2 protein chains.
Amino acid sequence: MSDLNNRRLEIDALRAIWAIRHHGGITRAAEALGLSQSAVSHKIKRLETSLGCELLNRKAGATAFTTEGEELLDYAGRILGLHDEALLSLSKTTLAGRIALGLTEDTTCSALAHILGRFRRLHPDVSVRTQVRMSLVLRAMLEQGELDAAIVQVFAHEVRPTDVILFRETLHWVKHPSLLLPQTASVPFLSFHDDCFYRHWALDIGQDGGIMLETVFECASAAGIIAAVSSGMGVALLNERHLRPEMQIITDRFPVPPDLVYVVRRGRKVRNAALDTLVAEIESEISRYGGLALAS
Amino acid sequence: MSDLNNRRLEIDALRAIWAIRHHGGITRAAEALGLSQSAVSHKIKRLETSLGCELLNRKAGATAFTTEGEELLDYAGRILGLHDEALLSLSKTTLAGRIALGLTEDTTCSALAHILGRFRRLHPDVSVRTQVRMSLVLRAMLEQGELDAAIVQVFAHEVRPTDVILFRETLHWVKHPSLLLPQTASVPFLSFHDDCFYRHWALDIGQDGGIMLETVFECASAAGIIAAVSSGMGVALLNERHLRPEMQIITDRFPVPPDLVYVVRRGRKVRNAALDTLVAEIESEISRYGGLALAS
DNA sequence: CCAAGCACATGACAAATTTCGATCGTGGCA
DNA sequence: TGCCACGATCGAAATTTGTCATGTGCTTGG
């Protein structure tokens, strides 16, 4: 360990350990950072020798952080936050105006919240009006010009060239092992709200694929659906981040669900400098971290 | 300017512009950072090109910051604060105990306050009791074991090997030009409090040097003395950071005042791990910035 | 129990960045 | 006007950082 005064934490190294945490592993982090695996490995090693302590616990198979690692991670988050804000602050142009933005409930708790908060701070003259609705509702509002932009879920094959992709999600048919599905009977289906478009797709395939789905449960929140699946009430369409160990993924009988994508979609013919900047910031955040961190 | 995503602010560069501000100039900053002048110059240049804007205004003789420079400076301060705290936090040992610390009024408003605040955060189990008194009082308290350590002013020739030097100060005899000092009359003297040891020295030389000083004004705060000097009430001993343009430095007739030094002085036979750490942190802060920033 | 696969570490080398010393230009000042 | 302090700039040297190729250890499935 060099003398305390000459030590310093490289911003890049901090971003590396941050990426390791949020992508779960060095290899994944390297990919997200656009570096080779060995480069990231070296970075961490250098960080460790300069600090004179272990940051990662290499014993186990999965990369785990040591106590010191967790501690540094906390500082890293704060330092990077300030750093990125400084960068934006210095490249900002004075913006004013009004943005009507739509979000889904899912994305509200993601890094989006930070981006929006920072945007407010950096551009106090822009008023951002945010509304949380379901994807289908948001899309309708976009069409009618009620929103300037929205963060919505769409099927992967529906992505438009102007959409900004935030991250992808895979849907699975799931059920609890205790639930048996006789060929003859109709399938009990656990569904999100009426306007949820998983549900639309599910009911559509019901007609095409000759599978009879019967909606036996309806709930707007993922937590409710998860509970219902776990108690064996029926089958549901869930994305990967909601899967629980006790759930069983159904691979036969049902058609493969299409992939979902979260995108930033802009309203028709909206020309708005403030919105351009906000979308650019979201894009930059994504490319920097290789996707938005979502609360799971 | 490279792509927004690939830009980053080097910690070292931030420390450099911070040092430039606090030492007034690149050359001075380079010295404090232990680098060559050209290295610091380059650092700033790189920072500027990576940000795509000017940070320093080179037109004028004195180095002035641009608006962007000031803005970055603000972020730099916050980032460096976090950075340094992270560094300390990772090299800390669990400390507990009690520290009785003495300060002078002057140092209360300096970087010391930040160091103490950070120390509290990093070592919540150490209770730091701080008392503000004049240097002579503090020294007496140290002798009697009432304090574990104190930050006091002493004459440069009185510095002990165990003292940690914070910074030096030069005293000057000053008066307002309108005040004339006839050889025959006694000299009107503007004095700090009774216990101020400038005053002791001044009265001592009065006896030795054959100069008759008559204390005509007594005030505990520097502001009061400054006002009195400016209004021509008498002569005073002031340190450089309190000099005002309208004041006249007296170079003849009076003996040259001794230099003063602010030091951290530890109590006798105090063995205290927490105190060791605190003193070490103060030392490290000094060596990093080449002295403590004092409110002037 | 072995082979394959995955995730990370490591070493050598190439590329880039950073630093230094020297030198030059400029504005302030006696 | 000449000096001086300060900063810019340049080429060479030193240091840092990244990549490729390869090695190690752990898990997994046959």
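The values are calculated or read from the model by the stated rules, or taken from the named source; none is laboratory data. Computed from a predicted model, the values in this text were never measured in an experiment. All Cβ positions, even for glycine, are placed from backbone atoms using ideal geometry, and neighbour counts span all protein chains on display. What goes into the accessible areas is simple: the full protein's heavy atoms, side chains included, and nothing from ligands, DNA or RNA. Shrake-Rupley method; radii C 1.70, N 1.55, O 1.52, S 1.80 Å.
Computed from Cα atoms, the angle from the helix B:273-289 axis to the main principal axis of chain B rounds to 80 degrees. Show me the GluC sites (Glu not before Pro) within segment A:23-63 that DSSP assigns to loop and that have at most 14 other Cβ atoms within 10 Å of their Cβ. Those that pass, being in a loop and sparsely packed, are A:Glu54.
Solvent-accessible surface (1.4 Å probe) assigned to B:His200 amounts to roughly 90 Å².
Per residue of A:87-93, how many C-beta atoms from partner chains lie within 10 Å of its own C-beta, taken as a mean?
On the way: counts 9, 1, 5, 11, 7, 1, 0.
Going residue by residue through A:87-93 and averaging, the value is 5.
Straight-line reach from B:Lys92: taking Cα to Cα under 21 Å and skipping same-chain neighbours fewer than 8 places apart, the lysines in range are A:Lys45.
Excluding same-chain neighbours fewer than eight residues apart, the aspartates and glutamates reachable from B:Lys175 by a Cα-Cα span under 17 Å are B:Glu214, B:Glu218, B:Glu240, B:Glu246, B:Asp252. Proximity of backbone amide H atoms, modeled 1.01 Å from N, is registered between B:Ser127 and B:Gly97, B:Arg98, B:Ile99 at under 5 Å, excluding neighbours fewer than 5 places apart on the same chain.
Overall size of segment B:171-258 from C-alpha positions, given as principal axis extents largest first: 29, 29, 22 Å. The accessible-area ordering, largest first, of the residues A:Trp201, A:Trp18 stands as A:Trp18, A:Trp201, per a 1.4 angstrom probe.
In nanometres and ascending order, the distances from the A:Lys269 label point to those of the other copies are 9.1 (point 7 Å from Cα along Cα→Cβ).
Express the accessible area of chain A per residue in Å², computed with a 1.4 Å probe while the remaining protein chains stay in the model. Before the final figure, lay out the partial values.
Numbers: 14120 Å² over 296 residues.
Spelled out: the 1.4 Å probe surface of chain A, per residue, equals 48 Å².
Seen from a random direction on average, the alpha-carbon convex hull of segment A:4-89 projects onto 5.9 square nanometres. Take each peptide in A:157-163, A:34-40, count the other Cβ atoms within 10 Å of every residue, and average; sorted highest first, the result is A:34-40, A:157-163.
Shielding by partners for peptide B:75-82, expressed as the average number of C-beta atoms from other protein chains within 10 Å of each residue's C-beta, is 5. Near the amide H of B:Val132, within less than 5 Å, lie the amide hydrogens of B:Leu103, all on another chain or at least 5 residues away, with H placed in the peptide plane.
Average partner chain C-beta neighbours within 10 Å, per residue of B:7-14? Can you show the working numbers first?
Values: counts 4, 9, 7, 4, 8, 2, 1, 4.
Across the residues of B:7-14, the mean count of other-chain Cβ atoms within 10 Å is 5.
Placing A:Asp106, B:Asp252, A:Asp259 in order of accessible area, with the largest value first and a 1.4 Å probe, yields B:Asp252, A:Asp259, A:Asp106.
Counting only heavy atoms of the protein chains and using a 1.4 Å probe, B:Phe189 has close to 0 Å² of accessible surface.
Of all the options B:Ser135, B:Ser91, B:Ser41, the one that moves most in a Gaussian network model of chain B with Cα springs shorter than 10 angstrom is B:Ser91. Compared with the dominant principal axis of the Cα atoms in chain B, helix B:37-51 is inclined by about 50°.
Here's how it looks for B:Ala149: its modeled amide H is under 5 Å from those of B:Ala100, B:Gly102, B:Gly267, which are all 5 or more places away or on a different chain. Could you give the angle, 0 to 90 degrees to the nearest 10, between helix A:197-208's Cα long axis and the longest principal axis of the Cα atoms of chain A? The angle comes out near 40 degrees. With springs only between Cα atoms under 10 Å, which of B:Thr184, B:Thr49, B:Thr277 fluctuates most in a Gaussian network model of chain B? Evaluated over chain B, the most mobile residue of the options is B:Thr184.
Whole-Hz Karplus values for segment A:123-138 come out as 10, x, 8, 9, 9, 9, 9, 10, 10, 9, 9, 7, 3, 5, 5, 4 Hz, taken residue by residue from phi with 6.51 cos²θ - 1.76 cosθ + 1.60 and θ = phi - 60°; glycine and proline positions read x. 3J(HN,Hα) along segment B:94-105, derived from phi through the Karplus expression 6.51 cos²θ - 1.76 cosθ + 1.60 where θ = phi - 60°, amounts to 5, 10, 8, x, 9, 10, 9, 10, x, 9, 8, 4 Hz, with x in place of Gly and Pro.
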